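For reference, the structure discussed in these notes is given below.
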Amino acid sequence: MRRVTFTLVCVLCCAPLTGWTAEHPSSLESQVQSEAALLVDAQSGEVLFSRKPDAPLPPASTVKLLTALLVWEKTRLEGSVEVVRADTQVEASHVPLREGEVVSVRDLTTALLVGSDNDTAMALGRKVAGSHDAFVKLMNERARELGCTKSAFHNPNGLPSPGQATTARDLMRIFRAVLAVPELRRICSVPVFTLKTAVGTQHVKNHNKLLGAYTGMGPAKTGWTVLSRHTYAASATRNGRELWLVLLKSPNKWNDARLLFDYGFAQQKPEPRATDPQVLMVGQPPVKPLAPTVGLRAPVEAPVETPAERQVARHTVQRGETLWSISRTYGVNVDKIMVTNRISDPTRLHPGMDLQIP
């Protein structure tokens, strides 16, 4: 399975992000209909549009981003799941599962993110935690580790449940963590997925209608219920610049997304500073990883350089530094630093860490 190059950035850390503001034209303010929205420049952390970022609202199927993240952290998408009756006793999916059938975790996770299957979410949650209640507990614990202080999750699929809510800021933190995983990022961009189950062979189409229709559209997760209206977490990239968008309770997420992405790409790329509150600062509490452990491995020895190769540098992380600020110091792309040092979670940078600068 082909892996894709991805952009990891040091923003939206687990600590509360206060003071996020952005100026935007009153015409855009009146055109965007979503009750809550957050548009962020992925590299700098600059907020380009913000509306009620801390208002608790129903998340609908965007909850499945957190479900997928936990599944990946616990299984690396390996293994299989035997479907039980309790998994199937939820609102029907486009590709319903059948009691007793065995499906791979990878296929179920793809169906979860591409087809937004509800019974799949139940089966995966049970696989990871042993029971529905145990998985819900795990969801809320992981959300708090990511800095989601105003969210409460009651099920792994986002179906309506009293008190289940998230905020645009919290959902952005979850989305960022998902995008930091190359395989999940790839799955969220799959246009059509062929799934073989007991029902037969199904061609599951991605629910993101902007995929292939909006220039630069990348990984995303949609959601909708009568109560939540449209919800959305999406990434789009143009000319090497990536923007992240979260919408909650939108009457028309497709129109809102086009308006906000168009506005964001029209803005000059901001220049972040290491002191900006929205940039991940070294010294903040690291996000606790879930087993199996993934992250920084021991740096490899620098290869013997040839005249055509650049000198390989070593850098010891100092308090107050970020991966972005380090990349500026050495003139190296953040992606290259993270790939070279095998860093999968930018929130795990800490003072004293030894980095190899390619």
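What follows draws every value from the coordinates through simple rules; no lab data is involved. In this text the structure is predicted, and so the values were computed from the model without any measurement. All Cβ positions, glycine included, derive from the backbone under ideal geometry; neighbour counts span all protein chains shown.
Side notes on the structure shown:
- Spin-label pair N252/A86, simplified geometry with 7 Å Cα→Cβ offset, distance in nm: 4.3 nm
- Rg of the Cα atoms in region 56-179, relative to 2.2 N^0.38 Å, amounts to 0.97.
- D_trans [Stokes-Einstein, Kirkwood Rh over alpha-carbon pairs] for region 175-247, 25 °C, 0.890 mPa s, µm² s⁻¹: 182 µm²/s
- Taking amide hydrogens as placed 1.01 Å from N in the peptide plane, the amide H of Q318 sits under 5 Å from those of G352, each at least 5 positions away in sequence or on another chain.
- Inter-site label distance for V199 and R342 at 7 Å from Cα along Cβ, in nm: 4.0 nm
- Those lysines that a straight Cα-Cα span of less than 29 Å connects to K253, excepting residues fewer than 8 apart in one chain: K52, K64, K150, K205, K209, K221, K269
- For S80, distant residues with modelled amide H under 5 Å away: V105
- Sites T215 and S27 - FRET efficiency at Förster radius 30 Å, r taken between beta-carbons, to 0.05: 0.85
- Under the simplified labelling scheme, the D262-T237 pair shows an inter-label distance of 2.4 nm, with each label point 7 Å from Cα along Cα→Cβ.
- Residues whose amide H falls under 5 Å from that of E46, counting only those 5 or more places apart or on a different chain, are D41, with hydrogens built in the peptide plane.
- Using the Cβ-Cβ distance between A152 and A313 with R0 set to 45 Å, the FRET efficiency from 1/(1 + (r/R0)^6) comes to roughly 0.50.
- With the charge dipole of region 52-138 set up from +1 on Lys and Arg Cβ and -1 on Asp and Glu Cβ about the Cα centre, the Cα lying farthest toward the positive end among the listed residues M122, W72, V90 is that of W72.
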